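Below is one structure, written out as structure tokens; the observations come after it.
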């Protein structure tokens, strides 16, 4: 689990209050929506990979189990890992 804290200046709060009914609720919903988008892209990317991998006998139907199965694969890389690989390729390493 991860807790995230963000500090806003008084002016930033006032600007948000101009448009939003509840800043905390909006931030939490924005993060939840981003998580759902990332989850959807992850599943869309990996289900075809898993289906084409002859070493995979079954694919979990439960989304949480599917994501866990993806994360433990040797060929899974986080965005940070992919960025490091891209940077190394650009440098010719």
FRET efficiency, residue 6 to residue 83 (Cβ-Cβ, R0 22 Å, nearest 0.05)
0.45
Once all Cα-Cα distances of the range 48-93 are split into 5 Å bins that start at 0, what whole-number percent is in each one?
5, 18, 22, 19, 13, 12, 8, 3, 0
If I fit a long axis through the Cα atoms of helix 23-51 and take the longest principal axis of the Cα atoms of the chain, what angle between them do I get, 0 to 90°, rounded to 10?
10 degrees
Taking each pair of different alpha-carbon atoms in the chain once, compute 1/r for the pair, average those values, and report the inverse of that mean as the Kirkwood hydrodynamic radius in Å to one decimal.
16.8 Å
Between 32, 41, 79, find the one with the highest GNM mean-square fluctuation for the chain; connect C-alpha pairs within less than 10 Å.
79
Nearest 10 degrees is fine. How inclined is helix 10-19 to the longest principal axis of the chain, computing both from alpha carbons?
80 degrees
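Every number in this text was worked out from the coordinates using simple rules, so none of it is lab data. What you are looking at is a predicted structure, and each value in this text was computed from that prediction instead of being measured. No Cβ is skipped: glycine too gets one built from the backbone with ideal geometry, and neighbour counts run over all protein chains shown.
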